[in-house]
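Asker: What follows is a single structure, and I will ask about it in a moment.
The values are calculated or read from the model by the stated rules, or taken from the named source; none is laboratory data. Remember, it's a predicted structure, so these values are computed and weren't measured experimentally. Using ideal geometry, Cβ is built from the backbone for each residue, glycine included, and neighbour counts are taken over all protein chains shown. Side chains are part of the model used for accessible areas, which takes the heavy atoms of the whole protein and leaves out ligands, DNA and RNA. Shrake-Rupley method; radii C 1.70, N 1.55, O 1.52, S 1.80 Å.
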Number of protein chains: 2
Amino acid sequence: MSSSIIRQLSPVPLSRVTIQDSFWAPRQEINRRITIPAIYRRLKETGHIEQLKLEWKPGMPNPPHIFRESELAKWIEAVSYSLVTHPGEKLEALLDEIIGLLAKAQQPDGYLNAYFTVVEPGKRWMNLRDAHELYCAGHLVEAAVAHYNATGKRSLLDVMCRYADYIDSVFGPGPGQKRGYCGHPEIELALIKLYCTTGEPRYLRLSQFFVEERGKQPHYFDQEARARGENPADFWAKSYAYSQSHLPVRAQTEAVGHAVRAMYLYCATTDLALETGDETLLQTCERLYESVCHRRMYVTGGIGSDHNIEGFTSDYDLPNESAYAETCAAIGLFLWMHRMLHIACDGRYTDVMERCLFNGILSGISLTGDRFFYENPLAVSRQREIFWRDPLHRQEWYAVACCPPNIARVIASLGAYIYAESDTDAIVHLYVQGSGTLHVAGQKVIVRQATQYPWDGVVKITVETERSANFGLKLRIPGWCRHATLTVNGQAWAVAPDRGYVRIQRFWNAGDEAVLTMAIPIERVYAHPQVAANRGCVALQRGPVIYCLEGVDNGDNLHLVALPRTATLEAQFEKDLLGGGVTIHGEVLRAVDSQTEMQILYSTVPPTYQPFYFKAVPYYAWDNRDTGDMLVWIHELEA
Amino acid sequence: MSSSIIRQLSPVPLSRVTIQDSFWAPRQEINRRITIPAIYRRLKETGHIEQLKLEWKPGMPNPPHIFRESELAKWIEAVSYSLVTHPGEKLEALLDEIIGLLAKAQQPDGYLNAYFTVVEPGKRWMNLRDAHELYCAGHLVEAAVAHYNATGKRSLLDVMCRYADYIDSVFGPGPGQKRGYCGHPEIELALIKLYCTTGEPRYLRLSQFFVEERGKQPHYFDQEARARGENPADFWAKSYAYSQSHLPVRAQTEAVGHAVRAMYLYCATTDLALETGDETLLQTCERLYESVCHRRMYVTGGIGSDHNIEGFTSDYDLPNESAYAETCAAIGLFLWMHRMLHIACDGRYTDVMERCLFNGILSGISLTGDRFFYENPLAVSRQREIFWRDPLHRQEWYAVACCPPNIARVIASLGAYIYAESDTDAIVHLYVQGSGTLHVAGQKVIVRQATQYPWDGVVKITVETERSANFGLKLRIPGWCRHATLTVNGQAWAVAPDRGYVRIQRFWNAGDEAVLTMAIPIERVYAHPQVAANRGCVALQRGPVIYCLEGVDNGDNLHLVALPRTATLEAQFEKDLLGGGVTIHGEVLRAVDSQTEMQILYSTVPPTYQPFYFKAVPYYAWDNRDTGDMLVWIHELEA
């Protein structure tokens, strides 16, 4: 195995980071005060916690459900991250109580799944393709690791190690073991976290087994379907591409199938490439990165063009109104890119993280923190929705509630994505006011940021060292930024970024200050011409934030709005609108739609336009006011 | 009841019309020689004829199916029309044989439906919502009328009168009668044909009953569902709008639901307005005409934007790739507009007929006459199809085979749509070389057309009278025509059309000649700006023919092609291409899609273009060569 892959940098954990800005800090507070309690109430109501008591009997209402442990687990994970930055006895006690139920629900052999313990006790591991057992186990492992890191308590970690040990005994290449893997990847990345936390190499090997076994022939899902007396061809999704098990992982060249499954698998594959130094696995990740980010991703970082499989279709097939772009999928892409970043500190990956974070992820939660989007289309119009589906609005809960706790754990753990460290470098990936305590050059270095990002492009970085030391401060120059200047202690420093980062190598002393000034104009963004859905259209972006038009500002029928290429657009900070933020304004055009012309469906007269003063708001903030149409890709007039 | 509706004109029947042109005459010959025999072979193979023997028993393969009589009936109707213009003993004998089977299949009480006689004999009339019994009866009635008109034989007509008499005894407002109606309208228009053929007013009254009863509360479909022990709310289509029975017909203001059902209902409603002089019913028809033709119709005359219900969605919701635009629906619209035309001789209706005929109907059959389209989308791209559905190609047959015999009957009966007559007027609706023998001004007037329509705009009309007579020759000035001149015996005649027709009133003598010269340039057509799918796009039309780009001529990825508004386009007659016809050519642009730029999915660089020589072909002729993408609405560059 090649060893040319080395961990170039390590993420700086949550516990060493503070966030004290006006964008994320209030969101983290809402997450703690509103979102986490709101999700808890729902988990209680729907029986997520009750089912752990294993008291359900046939004939009783509301049986345990196969997904529920995963949803509860993501909430435990979110709470744990929140406890890192904001310890609280009450929440910690609540976790103890729930962990107590999980421990009691664990079977003598280590198995832990309410559904297959009380509803279908004889069917354990009989339908890996559909039944999500290992998926639930994976999320519980992630929760256990987060809980341990937050509290130092081994209660859940021990439970999950026992479960992982049991899983390790059931699955593997050994005699009598099942050579299967989960239809929904997740356990793979979780086992690597467990390995990194416990140091137990069996967990790494089991993760490797799951990843390497996936998609091999004879196909495990065929075999287990036949063992259940089913015809494998009756699989509803028709192709194992749905679960990225159509081919061995190393042979996969295109992102296919259910987008969340894909992302979690690619996370684990990247982790394994890093942990094992496996070059060909890394090449697989890089190929899949190109497939997703160069050909199959919405401008919001959303992924998944198809509702039926909640996933990928074909290159450049990115319809706007029917986009699925599940919140969890954007989160998965964010998590995956963060892993790629620790193999190669390349701003391409950070750019995608930021694209997801400020757009396709953040759109998944209301400004009030208690309403969620599962799907994140890039256009909504009553014209289509009247018939095609119920109008899309943020909902308080979903029958499949993967997204709400997922976004809660991302927001709670945001600090973990801002900084990275290596022996020689202090790295700033994301600009968020606050600080990180890094281990660089054999000492503790505190990096402080002062910035109004994403609304403003000035970031003032102050470095606190214990003693003068020679190291590199790597600052990211985002892909959206076309002009940046830098000073160090007031002296100009050339901005010559290497793969998206400018490295300031010098002797750093306590109080040294670097100021990065990024020009942050309104940008007109064009899609690759192969994206048929966006031909003749433009999107507006400022910094990392993608904008949209909403009916509440512009009237409905937003397809009538046309943006001349030469129109002057203005950015304006509106502190009282949508939680405060920059909106985009300007005089553009709107197709005339008079009553007389309404009579004519087709004519030889081109549309005529009249002046129209428009306002665009950040995409993430849509559907937080009156209901109406929404549009990201605006018709552009070249003239 | 008001009597202000009068039949302004009467269609000239098939038997008095000849078609001798280079466009339709060869298609009619292919219809006779290829299509009708090909459909017959399929009907034999699939058991459409066999099932009439009523020999199927439980446990045997291939049971009778609820639709099949309708498909056979449309084929009988097509053969009958064909026999009018091309009598043939063999085909007539074949019809006799099949009619013999139908007569034997008829039950003693007059009932005639193989499925409910041998498969579910106890379930007759128990599910009008879904079971298509009256729909099948209606098509058999249409076939009987056509057969009688073609051959003078009463064999099928007598069978169907007996069936109609039985239906009349079962349904109606009387005591013990069912107050139901068919989920799929068709019987209503058929009964009016039967009334007009037999003079029996009970058939008119029964048609009226079915139309008037439709959609009343308490809802019949609710009642019969409960009687079957079902919950009416379980109806798969969720709303009775699917079958236009959500409201009483007179209260309907928007075209909704399954498009073919809508058209057949509107046909009957228009017939009833005409037969009964009912103004409010006519107003309903006019409202529905506006709903369909001003807001819910594709530029091809196709209707039905939604696959799931094969029908209408909302105003201006006309997506191109996912258009359903069933061939039968365009045929239904054509048939309905022909009925509207005989209430008011208004070229708006004829324009729609022609739009359907040359585009959305004709696309439904291959140039070879033996392959069919059920759906007629306005764009096809591999990008979407790879995932979204199997690539769309003409097929030899469909499991639900409504379209093939439907288009066969339209082509066979085309002569019936060309002329109309009244005491005072000889009317030419469609320009087709050949002749019509009309009854005008108390004598027989032969109107002869010489034209190369639709490729050329010159139509030479020669009138043959028995004696000099004062009447109006009404010639249609199509909606697509923006400049026309007219001469009568070489003298200019002012073209001042009234509602789409210029009326030449004078004393006509044998041999008088009118020459209509319509400018027939290539037109750029724009959709109403509310049609979001077509913003920034243009379609090409020449005369009544809508054009499309095909991959075989232009390469795939047709969304890359851009048509500058100022580009010079040229029409060229290509006699050896696609059965002979005018194609459109010109130097336009194509977005650059180089390998380097392939890397970038989103950028601030607008697309660049390079010169591209394109060729557009008539939409009706697409998918007759190598497979590939297709596009009607082309991206337009205004600059």
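Asker: Set Lys and Arg Cβ to +1 and Asp and Glu Cβ to -1, take the dipole of the range B:227-295 about its Cα centre, and tell me which of B:Ser243, B:Thr276, B:Tyr289 lies farthest positive.
Answerer: Of B:Ser243, B:Thr276, B:Tyr289, it is B:Ser243.
Asker: Taking a label point 7 Å out from Cα toward Cβ, give me the nm distances from A:Arg228 to the same spot in the other copies, shortest first, one decimal.
Answerer: Going from nearest to farthest copy, the values are 3.1 nm.
Asker: Given 37 °C and 0.692 mPa s, how large is the Stokes-Einstein diffusion coefficient of the range B:220-376 in µm²/s, with Rh as the Kirkwood radius over Cα pairs?
Answerer: Numbers: Rh = 16.1 Å.
Approximately 204 µm²/s, per Stokes-Einstein.
Asker: Does the range A:36-116 come out rounded, prolate or oblate, given a ≥ b ≥ c as the square roots of the eigenvalues of its C-alpha gyration tensor, rounded meaning a/c under 1.5 and, failing that, prolate meaning a/b above b/c?
Answerer: Details: a/c = 2.34, a/b = 1.65, b/c = 1.42.
Prolate, because a/c is 1.5 or more and a/b exceeds b/c.
Asker: Now, a different point. Scan chain B for the residue whose Cβ is closest to the axis carrying it onto chain A, then write down that distance in whole angstrom.
Answerer: Nearest Cβ to the rotation axis, residue and whole-Å distance: B:Gly536, 2.
Asker: Can you pull out the GluC sites (Glu not before Pro) in the range A:351-437 that DSSP calls coil and that have at most 15 other Cβ atoms within 10 Å? Don't jump to the answer; show the numbers that get you there.
Answerer: Working: sites: A:Glu354, A:Glu375, A:Glu385, A:Glu396, A:Glu421; in loops: A:Glu375, A:Glu396.
Of the GluC sites (Glu not before Pro), the ones in loops of the range A:351-437 whose Cβ has at most 15 other Cβ atoms within 10 Å are A:Glu396.
Asker: Which whole-angstrom value gives the distance between the alpha carbon centres of the range B:459-482 and the range A:157-218?
Answerer: Taking the Cα centre of each part, the range B:459-482 and the range A:157-218 sit 85 Å apart.
Asker: If you don't mind, another one. Specify the inter-centroid distance of the range B:67-122 and the range B:243-277, based on alpha-carbon positions, in whole Å.
Answerer: One Cα centre to the other: 27 Å.
Asker: Amide H to amide H, which residues 5 or more places from A:Asp512 or on other chains are under 5 Å from it, using H placed in the peptide plane?
Answerer: Result for A:Asp512 returns A:Val463.
Asker: Net charge near A:Ala441: determine it from the other residues with C-beta under 15 Å of the C-beta of A:Ala441, scoring Lys and Arg +1 and Asp and Glu -1. Show your work: numbers first, answer last.
Answerer: Values: positive: A:Lys444, A:Arg467, A:Lys474, A:Arg503, A:Arg506; negative: A:Glu421, A:Asp423, A:Asp425, A:Glu464, A:Glu466, A:Asp512.
Its environment carries a net charge of -1.
Asker: Next up: I need the shape label for the range A:1-143. Rule: rounded when a/c is under 1.5, else prolate if a/b > b/c, else oblate, with a, b, c from the alpha carbon gyration tensor.
Answerer: Details: a/c = 2.47, a/b = 1.37, b/c = 1.81.
It is oblate, given that a/c is not under 1.5 and a/b is not larger than b/c.
Asker: Per residue, what volume in Å³ does the convex hull of the Cα atoms of the range A:448-487 enclose? Working shown, then result.
Answerer: On the way: hull volume 3.3 nm³, N = 40.
Residue-normalised Cα hull volume stands at 84 Å³.
Asker: B:Ile365's amide H: which non-local residues (gap 5+, or another chain) put their own amide H closer than 5 Å, with H modeled 1.01 Å from N in plane and none for Pro or chain starts?
Answerer: B:Phe373
Asker: Let me ask something additional. From the phi angles alone, apply the Karplus equation (6.51, -1.76, 1.60; θ = phi - 60°) to the range A:547-559 and give each ³J(HN,Hα) in whole Hz, x where the residue is Gly or Pro.
Answerer: Those phi angles translate into 9, 9, 8, 10, x, 4, 8, 10, x, 6, 6, 5, 5 Hz.
Asker: Explain nothing, just the number: dipole magnitude of the protein assembly as shown about its Cα centre with +1 on each Lys and Arg Cβ and -1 on each Asp and Glu Cβ, in debye rounded to the nearest 20. Let's see the in-between values first.
Answerer: Working: 124 positive and 148 negative charges, 107 e Å.
For the protein assembly as shown, the charge dipole is close to 520 debye.
Asker: Let me ask something additional. Using Cα positions and a limit of under 23 Å, work out the lysines in reach of B:Lys575, with same-chain residues fewer than 8 apart set aside.
Answerer: B:Lys460, B:Lys615
Asker: Sort A:Thr566, B:Thr46, B:Thr280 from largest to smallest accessible area, using a 1.4 Å probe on the heavy atoms of the protein chains.
Answerer: A:Thr566, B:Thr280, B:Thr46
Asker: So, counting K/R as plus one and D/E as minus one, what does the shell of residues with Cβ under 12 Å around B:Ala450 add up to? Could the numbers behind the result be given before it?
Answerer: Details: positive: B:Arg448, B:Lys460; negative: B:Asp21, B:Asp456, B:Glu513.
So the environment of B:Ala450 carries a net charge of -1.
Asker: So, one more: Can you list the residues of the range B:510-541 whose accessible area drops by at least 30 Å² going from the chain on its own to the full set of protein chains, with a 1.4 Å probe?
Answerer: B:Tyr526, B:His528, B:Pro529, B:Gln530, B:Ala532, B:Arg535
Asker: Next question, about the same structure. Pick out, in residue order, every one of the chymotrypsin sites (Phe, Trp or Tyr not before Pro) in the range B:226-271 that is DSSP loop and has at most 16 other C-beta atoms within 10 Å; say none if there are none. Before the final figure, lay out the partial values.
Answerer: Details: sites: B:Phe235, B:Trp236, B:Tyr240, B:Tyr242, B:Tyr264, B:Tyr266; in loops: B:Phe235, B:Trp236.
Here the chymotrypsin sites (Phe, Trp or Tyr not before Pro) that fit, given the DSSP loop and packing criteria, are B:Trp236.
Asker: Can you give me the pair-distance distribution of chain B, C-alpha pairs, 10 Å bins, whole percents?
Answerer: 3, 16, 26, 26, 18, 8, 3, 0
Asker: Reachable lysines from B:Lys193, Cα under 30 Å, same-chain residues fewer than 8 places away excluded?
Answerer: In chain and number order, the partners are B:Lys44, B:Lys53, B:Lys74, B:Lys90, B:Lys104, B:Lys123, B:Lys153, B:Lys178, B:Lys216, B:Lys444, B:Lys474.
Asker: On a straight-distance basis, which aspartates and glutamates could pair with B:Lys57 in a cross-link, Cα separation under 18 angstrom, same-chain partners fewer than 8 positions away excluded?
Answerer: B:Glu120
Asker: Shifting gears a bit: Beyond 16 Å, how much of the Cα-Cα pair distribution for the range B:123-202 remains, as a whole percent?
Answerer: Numbers: 1560 of 3160 pairs.
Value for the range B:123-202: 49 percent of Cα pairs lie more than 16 Å apart.
Asker: Tell me the relative contact order for chain A as a rounded percent, counting alpha carbon contacts under 8 Å between residues six or more apart.
Answerer: Details: 1330 pairs, mean separation 83.5, N = 639.
It rounds to 13 percent for chain A.
Asker: Using the Kyte-Doolittle scale, which helices in chain A average at least 1.0 and also have C-alpha atoms spread 20 Å or more along the helix axis, with helices defined as whole DSSP H runs? Before the final figure, lay out the partial values.
Answerer: Details: long enough: A:68-85 (27 Å, -0.01); A:89-105 (24 Å, 0.66); A:133-151 (27 Å, 0.36); A:155-170 (23 Å, 0.47); A:259-276 (25 Å, 0.61); A:279-295 (23 Å, -0.54); A:327-341 (21 Å, 1.26).
Span-like helices in chain A: A:327-341.
Asker: In addition: Rank these residues by their accessible area, most exposed first, probe 1.4 Å: B:Arg27, A:Arg565.
Answerer: Numbers: B:Arg27 40, A:Arg565 65 Å².
The residues order as A:Arg565, B:Arg27, largest area first.
Asker: Distances in nm, one decimal, shortest first, from A:Thr568 to the same residue in every other copy, taking the label point 7 angstrom along Cα→Cβ.
Answerer: 4.0
Asker: In the range B:413-490, what percent of the accessible surface is made up of carbon and sulfur (1.4 Å probe, ligands and nucleic acids excluded)? Mind showing how you got there, number by number?
Answerer: Numbers: 1150 of 2500 Å².
Whole-percent figure for carbon plus sulfur exposure: 46.
Asker: When a/c is below 1.5 the answer is rounded, else prolate if a/b is larger than b/c, else oblate, so apply that to the range B:564-618 with a ≥ b ≥ c taken from the square roots of the Cα gyration tensor eigenvalues.
Answerer: Prolate is the answer for the range B:564-618, as a/c is 1.5 or above and a/b outweighs b/c.
Asker: Moving on to the next point. Arrange the residues A:Tyr374, A:Tyr195 by how much accessible surface each exposes, largest first, with a 1.4 angstrom probe.
Answerer: A:Tyr195, A:Tyr374
Asker: Right, another one. Starting from the Kirkwood Rh over alpha-carbon pairs, what translational D in µm² s⁻¹ does the range B:486-628 have by Stokes-Einstein at 4 °C and 1.567 mPa s?
Answerer: Numbers: Rh = 18.7 Å.
Here the translational diffusion coefficient equals 69 µm²/s.
Asker: Over the C-alpha atoms of the range A:139-271, what are the Rg and the largest Cα-to-Cα span, Dmax, in Å?
Answerer: For the range A:139-271, the Cα-based Rg and Dmax read 15.5, 48 Å.
Asker: Still on this model: Once the other residues with Cβ under 14 Å from the Cβ of A:Val249 are scored (Lys, Arg +1; Asp, Glu -1), what is the net sum? Can you show the working numbers first?
Answerer: Details: positive: A:Arg214, A:Lys216, A:Arg250, A:Arg261, A:Arg287; negative: A:Glu188, A:Glu212, A:Glu213, A:Glu254, A:Asp271, A:Asp278, A:Glu286.
Taking every Cβ under 14 Å from that of A:Val249, the sum is -2.
Asker: Per residue of the range A:414-420, in order, report the coupling 6.51 cos²θ - 1.76 cosθ + 1.60 (Karplus, θ = phi - 60°) as ³J(HN,Hα) in whole Hz, putting x for Gly and Pro.
Answerer: Ordered by residue, 3J(HN,Hα) equals 3, x, 6, 10, 8, 10, 9 Hz.
Asker: More than 13 Å apart: what percent of Cα pairs in the range B:212-264 qualify? Show your work: numbers first, answer last.
Answerer: Values: 813 of 1378 pairs.
Roughly 59 percent, once rounded to a whole number.
Asker: Moving to a separate point now. Taking a point 7 Å out from Cα toward Cβ as the label site, list the nm distances between B:Thr280 and the same residue in every other copy, smallest first.
Answerer: 7.9
Asker: Hey, what's the range A:482-639 come to in accessible area per residue, 1.4 Å probe, Å²? Can you show the working numbers first?
Answerer: Values: 6330 Å² over 158 residues.
Here the per-residue accessible area is 40 Å².
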